[in-house]
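The values are calculated or read from the model by the stated rules, or taken from the named source; none is laboratory data. Quick caveat: nothing in here was measured; it's all calculated off a predicted structure. Here the Cβ positions follow ideal geometry from the backbone for every residue, glycine too, while neighbour counts run over all protein chains shown.
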Amino acid sequence: MSSNSGYNLFNEVNKFVDEAAQHLPEVSPGMIDQIKKCNSVYTFSFPVEIDDPVQKFHVLDAFRVEHSHHKLPTKGGIRFALSVDLDEVKGLASLMTYKCAIVNVPFGGAKGGVHINKKLYNEEQLEKVMRRYTFELIKKNFIGPAIDVPAPDYGTGEKEMAWMVDTYQMMRPDDINAYGCVTGKPIVLHGIRGRKQATGMGVYMGLREVCNVKEDMDSLHLSTGLAGKRVIVQGFGNVGYHSAKFMQELGDSQIIGITEYNGAIYNTNGINVEQAMAYWMEHRDFKGFPDATFVEDGNMLLEKECDILIPAALENAITENNAPRVQAKIIGEAANGPVTNAAAHILREKGTIVVPDMYLNAGGVTVSYFEWLKNLSRVSFGKLERKYDEQVLDSTLKLIEQKTGKPLTEEERDLIKGPQELDLVNSGLDETMTKAYNEILEARNTKSFDSLRTAAFYVAIDKISHNYTTLGVWP
Ligand code: NAD
């Protein structure tokens, strides 16, 4: 993202892996090599028709990388952006492997992308691009509910996933599990409630766990809890918006800055996230937003004083160039790879707590896992037991009323309502994020690691290497 020539996300991830691997002498260098390598790489190109009578076509470069087959299917999003190249996709695919291991989601890592400037194309052309991309994956067996399951990422969302699943179904009408070929679908196409906001919800839950550790907050001279924490968010797309929304609504944090690629807003008294989103949707620009100061260069906000900085745009946002000036006490990596290896070392020296991407943004893949399970079982969560649970609770409450002679209030009666799909999804996500953070924290504390990232990679590599050993592939 920042001009940092020679930047390579895959190398950046592998530097972090190597640092953690030093603490796992029982895992052989050969095994570490196997874990780091990308198992299958597919690079391809295809044309898209444009409204130019002379040129007529643009040829787009596209990629799908399955990083690790130690668990199948593989899983990872599809990115539509100009930043997309093979090394970016390899780096993102490898992060998915470690991410899935950390949150105990049974997938290998994968990622895909198209090198594209979306602004140059209308919706019909973008649909053709997504359908052609999917078709190419089908041809090479790089997609399927048991093979490789894409999801949304930067520049894609529910609409693109709908085009993908429709194309897959047309080509594979005999696949009874076809809906499980991709996650992040609209609800009407067998998506799951809570997936769209899952990554942001996970960011909130992860930061809540981080801020509940008293020793860590004491070391930063901060109180425990999220309430009142001053937060700046970079990137106001799916992940950035939902992270800011839940930090404000559920955590009672104060969102003091929001940046986009074309400018930022800043107010030390706090910004109303819903009002900022309504303004952004209408203008696609923060200029003129009332109740906040407009800042032309959004990157300046990365260096403003705050408690928590949430980069939620692209990788390479905090580098050795700006890290010395970053004043945030906690950096929550909602984006993938926003802090480079060199910057991470500078921040460690400063005592900044960096909450690593592979943990913090794992809410998306966690709820994608629930969606995939729903698609394979063809039943929504809670459907079988909701009424039964309500009846059992109702009888129990009636019994209590009879025995005590005191009728319950309407509010108390409301307690009998069985959980909806969204309640179960959020409960599963909360359990996953909390448990994963405890594992990372325990590793950091018992091994005296100087960063949560090293602890997270340590936990992930340990799990993946055990998986290989159990398979009998490695002695
Ligand atoms: P998105 O396309 O919905 O939003 C990204 C936003 O960042 C856009 O609004 C874009 O204009 C903005 N942006 C681009 N450059 C910027 C800059 N220099 N400064 C400020 N803002 C800038 O994408 P997303 O799905 O929210 O993904 C964001 C990040 O989160 C990516 O790194 C992605 O890999 C990661 N992620 C996404 C998911 C998911 O479920 N979508 C899951 C895990 C991780």
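Here is a yes/no grid of residues against (1) within 16 Å of the ligand (Cβ to nearest atom); (2) not in a helix (DSSP H, G or I):
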{"site": "196", "(1), (2)": "yes, yes"}
{"site": "205", "(1), (2)": "yes, no"}
{"site": "215", "(1), (2)": "no, no"}
{"site": "226", "(1), (2)": "no, yes"}
{"site": "232", "(1), (2)": "yes, yes"}
{"site": "241", "(1), (2)": "yes, no"}
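For segment 362-420, the set of residues classified as away from the ligand (no atom under 16 Å from the Cβ), closer than 19 Å to residue 105 by Cα and of a type in the set (Phe, Trp, Tyr) consists of 381 only.
Just one of the listed residues (126, 120) is on the phi < 0 side of the Ramachandran plot and touching a helix residue (DSSP H, G or I) at 6+ places or on another chain (Cβ under 8 Å), namely 126. With respect to residue 73, determine if the residue is in contact (Cβ under 8 Å) with a residue 40 or more places away in the chain, out of contact with any strand residue (DSSP E or B) (no Cβ under 8 Å at 6 or more places or on another chain) and closer than 15 Å to residue 365 by Cα. Here the answer is no, as residue 73 does not meet what is asked. Just one of the listed residues (127, 136) is within 17 Å of residue 168 (Cα to Cα), among the acidic types (Asp, Glu) and touching a residue at least 40 places away in the same chain (Cβ under 8 Å), namely 136.
A quick yes/no check of all residues on (1) in the same structural domain as residue 98 (by TED's automatic domain parsing); (2) over 17 Å from residue 84 (Cβ atoms); (3) over 21 Å from the mean Cα position of the chain (by Cα):
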| position | (1), (2), (3) |
| --- | --- |
| 113 | yes, no, no |
| 133 | yes, no, yes |
| 138 | yes, yes, yes |
| 148 | yes, yes, no |
| 156 | yes, no, no |
| 171 | yes, yes, yes |
| 177 | yes, yes, yes |
| 181 | yes, yes, no |
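Of the residues making up segment 90-101, those that are crowded, with 24+ Cβ neighbours inside 10 Å, away from the ligand (no atom under 11 Å from the Cβ) and either under 19 Å from residue 142 (Cβ atoms) or not aromatic (Phe, Trp, Tyr) (or both) number 5.
Restricting 293, 319 to those that are surrounded by fewer than 22 Cβ atoms within 10 Å (Cβ to Cβ), in contact (Cβ under 8 Å) with a residue 12 or more places away in the chain, more than 16 Å from the ligand (Cβ to nearest atom) and assigned by TED's automatic domain parsing to the domain that holds residue 200 reduces the list to 293.
Taken over segment 103-136, the criterion of being in a helix (DSSP H, G or I) and in contact with a Lys or Arg (Cβ under 8 Å, 6 or more places away or on another chain) is satisfied by 126 alone.
Among the residues of segment 321-367, those that are touching a Cys at 6+ places or on another chain (Cβ under 9 Å) and assigned to a loop (DSSP other than H, G, I, E, B) comprise 327, 328, 329, 362.
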